[in-house]
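Undergrad: I'd like to ask you about the structure that follows.
The values are calculated or read from the model by the stated rules, or taken from the named source; none is laboratory data. Computed from a predicted structure; not experimentally measured. As a convention, Cβ positions derive from the backbone with ideal geometry for all residues, glycine included, and neighbour counts pool all protein chains shown.
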Amino acid sequence: MGHMMDIDTQRMQHLIEREQQRFEARHPRSAALYERGKHVYLYGTPLHWMQLWAGSYPVYMSEAKGARLRDVDGNEFVDLCLGDTGSMFGHSHPAIADAIARQAQRGVTAMLPSEDGVWVGEELRRRFGLPYWQLATSASDANRFALRLARMITNRNKVLVFNGNYHGSVDETQVELDASGHMRSRTNVHANGMDHDRLVRLVEFNDVDALERELSHGDVACVITEPMMTNIGMVPVAPGYHDALRRLTRKYGALLLIDETHTISTGPGGCTRAWGLEPDIFVLGKAIAGGIPSAVYGVSEEVAQRVWQAKPPVWAGGEKRNNHSGFGGTLAGNQLTIAGLRATLEHVMTDENYAHMIDMATRIARSVEADIARFALPWHVTQIGARAEYMFMPQPPVNGTQAKTGRNGPLEAFIHLYLLNRGVLITPFHNMMLACPQLTPEDVDQHNLAFSECLTELAGA
Ligand SMILES: Cc1ncc(COP(=O)(O)O)c(C=O)c1O
């Protein structure tokens, strides 16, 4: 069979209309709530992204537990989206929910440290290898604070980012390469006063020469990257690229920030531990406190020493009064978050849970691959631990520009809607399936069957 996406456009349009009708018939209460939401929320929902789900309007949740989610119309879903990673360890995991509920009765925010907080710091050091840590309320914040630290100790202003990156709402990262390879502000994102030309260098992932060319100016404070790109589809890292990245950042005096917010799907120590990476700064957010707003960032011994020189701690003569730092936040490190962090790290991010999650994701990936082969589709699947994703191109892309060519909005929307109508949620921004510890083989089969049927209908077979 030929290029299915070309030959089936008309069929797909017809199927989309059928699926929209089916969606609307199954979600009347969600429709009514969305109508109300439009009167009070700027984009109809508390977070504007919530409108981006497949379907005429978002599904309004009533409750979620483990791998299952129920909506206000009584529909039940297998959740492979898991809040786009925020609930990677399952909705309301009993160990985390109990710890948070207990703490909620015992004080939430006091701007004081606690014994559990010390345990969390010790565990972060043990698990990820970086000795010194700080907390933030989101991965975006952690990245922003880490970049400030990097600039503070290097006395350089530029940040190097990769084309197609996503690290949250960090102004420096809101750039892209245009068709002629020049950096510009990201389409549809206001530059927010940031002079990207002055403050950012942008290169393609996996391109060692471009990386060296940009670093060799000697003005980059920090390179910020995921271990492999996960936010523009999946861009695997080329063999040797991490070695080059580490060698070149050291050679030209730039710090290396590894953001594992998504790639913590790999295993209990992320790619950093699995691949032996040596970041100067390490960032992790989203799922780390079971979905309670939280992020952590850790720094190497050398970075810590330089930070203490630039801004000494109180025990080394640092200022106690009027001591603005530009990182932190009143609610960072509150006791609810600490309880969520401890429970997640201690009871949920275990080897055993990861083994199961990876097993389930593999079961999904193999089945999707078999369907791709069955219909001879020019698609492929990439799996990174508990996370599997398919892209509409035959081989994994090597960089962000290539990855873009593997996106197909209408086709994605159709598949997502088809799955949603058959009780399976996958993330709106990706063709990503994430497996939590409570996901069962039956849940996986529900997805696999629906995906198979979706392709069968698309192909008109
Ligand atoms: C790699 C990475 N870093 C940071 C973020 C930002 O996380 P948050 O939206 O929780 O600030 C994301 C969000 O998708 C991400 O994928």
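Undergrad: Is it the case, given these coordinates, that Gly90 is more than 30 Å from Glu457 (Cα to Cα) and surrounded by 15 or more Cβ atoms within 10 Å (Cβ to Cβ)?
TA: Numbers: more than 30 Å from Glu457 (Cα to Cα): yes; surrounded by 15 or more Cβ atoms within 10 Å (Cβ to Cβ): yes.
So Gly90 passes the test.
Undergrad: Still on this model: Can you find, within the range 281-323, the residue that is nearest to the ligand (Cβ to nearest atom) among those that are polar (S, T, N, Q) and in contact (Cβ under 8 Å) with a residue 40 or more places away in the chain?
TA: Pass one, the range 281-323, residues polar (S, T, N, Q): 294, 300, 305, 309, 322-323.
Among the residues that remain, those that are also in contact (Cβ under 8 Å) with a residue 40 or more places away in the chain are: 294, 300, 309.
On the way: Ser294: 9, Ser300: 20, Gln309: 28 Å.
Filtering the range 281-323 for residues that are polar (S, T, N, Q) and in contact (Cβ under 8 Å) with a residue 40 or more places away in the chain, the one nearest to the ligand (Cβ to nearest atom) comes out as Ser294.
Undergrad: Looking at the structure I just gave you, is Leu458 touching a Phe, Trp or Tyr at 6+ places or on another chain (Cβ under 8 Å) and at pLDDT 95 or above?
TA: Working: touching a Phe, Trp or Tyr at 6+ places or on another chain (Cβ under 8 Å): yes; at pLDDT 95 or above: no.
No.
Undergrad: If Ser265 satisfies all but one of (1) touching a residue at least 60 places away in the same chain (Cβ under 8 Å); (2) outside any helix (DSSP H, G or I); (3) buried (at least 23 other Cβ atoms within 10 Å of the Cβ), what's the number of the condition it fails?
TA: (2)
Every residue, every condition in (1) aromatic (Phe, Trp, Tyr); (2) in a loop (DSSP other than H, G, I, E, B), yes or no:
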residue	(1), (2)
Gln402	no, no
Arg407	no, yes
Pro410	no, no
Phe414	yes, no
Arg422	no, yes
Phe429	yes, yes
Pro437	no, yes
Val444	no, no
Thr456	no, no
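Undergrad: Taking the conditions exactly as written (assigned by TED's automatic domain parsing to the domain that holds Gly329 and at pLDDT below 95), does Met111 satisfy them or not? If you could, list the steps in order and put the result at the bottom.
TA: Numbers: assigned by TED's automatic domain parsing to the domain that holds Gly329: yes; at pLDDT below 95: yes.
Yes: the conditions hold for Met111.
Undergrad: Scan the range 82-96 and report the pairs whose first residue is closer than 21 Å to Phe429 by Cβ and among the β-branched types (Val, Ile, Thr) and whose second residue is assigned to a loop (DSSP other than H, G, I, E, B) and modelled with pLDDT under 95, with Cβ atoms within less than 9 Å and a gap of 6+ or a chain change.
TA: Thr85/Thr427
Undergrad: Let me spell it out: the conditions are (1) within 16 Å of the ligand (Cβ to nearest atom); (2) surrounded by 15 or more Cβ atoms within 10 Å (Cβ to Cβ); (3) more than 19 Å from the chain's Cα centre (by Cα), and Leu82 meets all of them except one. Which number is the exception?
TA: (3)
For every residue, the table says whether it meets (1) within 16 Å of the ligand (Cβ to nearest atom); (2) at positive phi; (3) part of a loop (DSSP other than H, G, I, E, B); (4) touching a residue at least 12 places away in the same chain (Cβ under 8 Å).
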residue: Gln103; (1), (2), (3), (4): no, no, no, yes
residue: Arg106; (1), (2), (3), (4): no, no, yes, yes
residue: Leu112; (1), (2), (3), (4): no, no, yes, no
residue: Gly117; (1), (2), (3), (4): no, no, no, yes
residue: Glu122; (1), (2), (3), (4): no, no, no, no
residue: Arg126; (1), (2), (3), (4): no, no, no, no
residue: Leu130; (1), (2), (3), (4): no, no, yes, yes
residue: Leu135; (1), (2), (3), (4): yes, no, no, yes
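Undergrad: Then there is this: Of all residues in the range 165-188, which are part of a loop (DSSP other than H, G, I, E, B) and more than 14 Å from the ligand (Cβ to nearest atom)? If you could, list the steps in order and put the result at the bottom.
TA: Of all residues in the range 165-188, those part of a loop (DSSP other than H, G, I, E, B) come to 165-170, 174, 178-182, 186-188.
Asp178, Ala179, Ser180, Gly181, His182, Arg186, Thr187, Asn188 - these are the residues of the range 165-188 that are part of a loop (DSSP other than H, G, I, E, B) and more than 14 Å from the ligand (Cβ to nearest atom).
Undergrad: Suppose we filter Thr382, Thr405, Thr440, Thr427 for residues that are free of Cβ contacts under 8 Å to residues at least 40 places away in the same chain, out of contact with any Gly (no Cβ under 7 Å at 6 or more places or on another chain) and surrounded by fewer than 23 Cβ atoms within 10 Å (Cβ to Cβ); which single one remains?
TA: Working: Thr382 fails: free of Cβ contacts under 8 Å to residues at least 40 places away in the same chain; Thr440 fails: free of Cβ contacts under 8 Å to residues at least 40 places away in the same chain; Thr427 fails: free of Cβ contacts under 8 Å to residues at least 40 places away in the same chain.
Result of the check over Thr382, Thr405, Thr440, Thr427: Thr405.
Residue-wise test of (1) at pLDDT below 95; (2) in the same structural domain as Val444 (by TED's automatic domain parsing); (3) buried (at least 21 other Cβ atoms within 10 Å of the Cβ); (4) part of a helix (DSSP H, G or I).
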site	(1), (2), (3), (4)
Gln10	yes, yes, no, yes
Gln13	yes, yes, no, yes
Gln21	no, yes, no, yes
Glu24	no, yes, no, yes
Leu33	no, yes, no, yes
Val59	no, yes, yes, no
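Undergrad: State which residue is farthest from Asp171 (Cα to Cα) when the search covers only the range 137-151 and only residues that are assigned to a helix (DSSP H, G or I) and among the small types (Gly, Ala, Ser).
TA: Step one: list which residues in the range 137-151 are assigned to a helix (DSSP H, G or I), which gives 139-151.
Still in the running and among the small types (Gly, Ala, Ser): 139-140, 142, 146, 150.
Numbers: Ala139: 13, Ser140: 10, Ala142: 13, Ala146: 13, Ala150: 15 Å.
Among those residues, the one meeting the criterion is Ala150.
Undergrad: Counting just the residues of the range 249-262 that are charged (D, E, K, R) and surrounded by fewer than 24 Cβ atoms within 10 Å (Cβ to Cβ), which one comes out farthest from the ligand (Cβ to nearest atom)? Can you show your working first?
TA: To start, the set of residues in the range 249-262 that are charged (D, E, K, R) comprises 250-251, 259-260.
Next cut, surrounded by fewer than 24 Cβ atoms within 10 Å (Cβ to Cβ) only: 250-251.
On the way: Arg250: 23, Lys251: 25 Å.
Residue satisfying both the conditions and the ranking: Lys251.
Undergrad: Quick test for you: out of Arg246, Arg213, Arg201, Arg184, pick the one residue that is outside the structural domain of Pro428 (by TED's automatic domain parsing), crowded, with 21+ Cβ neighbours inside 10 Å and among the basic types (Lys, Arg). Outline the logic, then answer.
TA: Values: Arg246 fails: crowded, with 21+ Cβ neighbours inside 10 Å; Arg213 fails: crowded, with 21+ Cβ neighbours inside 10 Å; Arg184 fails: crowded, with 21+ Cβ neighbours inside 10 Å.
After applying the criteria, what remains is Arg201.
Undergrad: Hey, another quick one. Out of everything in the range 356-382 that is in a helix (DSSP H, G or I) and polar (S, T, N, Q), what residue ends up being farthest from Ser265 (Cα to Cα)? Walk me through how you get there before you give the answer.
TA: In the first step, residues of the range 356-382 are kept if they are in a helix (DSSP H, G or I); the result is 356-374.
Of the ones still in play, those that are also polar (S, T, N, Q) are 362, 367.
Working: Thr362: 12, Ser367: 19 Å.
Ranking the qualifying residues of the range 356-382, first place goes to Ser367.
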